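*Asks:* Have a look at the structure that comes next, please.
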Amino acid sequence: MKIVRTRRELVTLLGYAAAGCVAPAIRATAQPSRKVPRVGSLTPAQTDATPIFEAFRGGLRDLGYVEGKSIILDFRFAKGSLDALPDLAAELVRIPVDVIVADSSNAARAALDATHTIPIVLGAGGDPVLLGLVPSIGRPGGNFTGMTIRADVLSSKRVDLLKLAFPGITRVTILMHAKSAAAPHSLAAAQETARALGMSSLALGAGTPDELRALNATHLSGSDALAVLPHAMFWNHRATIIALAQAARLPAIYPEREFADDGGLIAYGPNIPDLFRRAAERVDRILRGAKPGDLPFDEPARFDFIVNLRAARALRLALSPEIVTAANEVIE
């Protein structure tokens, strides 16, 4: 055994021993901890307990994320008030979040006004080129990408389907959100189709839940049918709209399947939860380093066309056989 003969040797030996014991701990704590990404959601909705956000969470889970552990979701709800979106977007920027998911064109515009650096993913919204949000669908540039819906084309198709279902109708009311960025384009397309089919049309607007609840059957008294344009507020308050059509005893066509599930007559439109599941893939790519401006906007792959025969019987309406045959789902 070595004998320590001097104070200097003792100090040196203790120093080596300390280094051997402490250095590994120092090296371990010096490793940077991996940051848990934070994704903000900017939405006109009332709550995150909806099919679209369930689908978004499902998409993240499929990619291996665990909410609260490997990813944090931070929601900001406008609760039907589009005027609240800019302040809510600013809150997400101040946090800051790593990505913002916008679930409407209005939410996307508010997010883009709030930041030019934080990536923004549109879960579902109108044509971003038509709305002046990006120069190109294929290469949007900047900090914006996501999923787009050709709302004008689909709104035109709904009017066409109404006429197919009820060939005798000559007047149609088109319900639109009065403050929606996409509504004017969708309204123009629907009205053009109505004219081409020999029908007159009337635009009926509601910009808040209170305005929507104030509508009654007299607002539809001059029409033979109702076509509803898509909007998150309308989805949130679909029971009010379905009740309005039932009170007026009018056939109506709606933009999402949940309207038909809840008693509406006909629903035609893209499967929105599927879009949000795919939006989760965009978020993942961005968190892994992809630039949003290099990711092309994508369009719906799945569509719902539902006819509710139970609702038709309640309204004593006879649907054309062609419309029932064309539907990919019939509620008996």
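*Asks:* Just to be sure I understand, how many residues within the stretch 196-238 are surrounded by 13 or more Cβ atoms within 10 Å (Cβ to Cβ) and outside any loop (DSSP other than H, G, I, E, B)?
*Replies:* Residues meeting the conditions: 24.
*Asks:* In this structure, does P140 turn out to be over 20 Å from D48 (Cβ atoms), touching a Leu at 6+ places or on another chain (Cβ under 9 Å) and modelled with pLDDT of 95 or more?
*Replies:* yes
*Asks:* Moving to a separate point now. Condition first: among the polar types (S, T, N, Q), more than 23 Å from the chain's Cα centre (by Cα) and under 11 Å from L229 (Cα atoms). Now tell me which residues in the stretch 165-213 satisfy that.
*Replies:* Within the stretch 165-213, T173 is the sole residue that qualifies.
*Asks:* Same structure, new question: How many residues are under 14 Å from L250 (Cβ atoms) and among the acidic types (D, E) if we restrict to the stretch 193-231?
*Replies:* Going through the stretch 193-231 one residue at a time, the tally reaches 1.
*Asks:* Quick one: would you say I169 is modelled with pLDDT of 95 or more and part of a loop (DSSP other than H, G, I, E, B)?
*Replies:* yes
*Asks:* If you go through the stretch 172-193, how many residues are in a helix (DSSP H, G or I), over 23 Å from A110 (Cβ atoms) and either touching a residue at least 40 places away in the same chain (Cβ under 8 Å) or not acidic (D, E) (or both)?
*Replies:* Matching residues across the stretch 172-193 total 5.
*Asks:* Name the residues in the stretch 61-104 that are hydroxyl-bearing (S, T, Y) and crowded, with 23+ Cβ neighbours inside 10 Å, would you?
*Replies:* Listed by number, the list holds a single entry, S104.
*Asks:* Now for a different question. Do you know which of the residues in the stretch 140-166 that are in contact with a strand residue (DSSP E or B) (Cβ under 8 Å, 6 or more places away or on another chain) and assigned to a loop (DSSP other than H, G, I, E, B) is surrounded by the most Cβ atoms within 10 Å (Cβ to Cβ)?
*Replies:* Top of the filtered list is T148.
*Asks:* Among residues belonging to the stretch 261-295 that are of a type in the set (A, V, I, L, M, F, W, C) and over 19 Å from the mean Cα position of the chain (by Cα), point out the one that is surrounded by the most Cβ atoms within 10 Å (Cβ to Cβ).
*Replies:* Looking at residues that are of a type in the set (A, V, I, L, M, F, W, C) and over 19 Å from the mean Cα position of the chain (by Cα), I get L265.
The values are calculated or read from the model by the stated rules, or taken from the named source; none is laboratory data. It should be emphasised that the depicted structure is a prediction, and the values quoted were computed from it without experimental measurement. Glycine also receives a Cβ, built like all others from the backbone with ideal geometry; neighbour counts cover every protein chain displayed.
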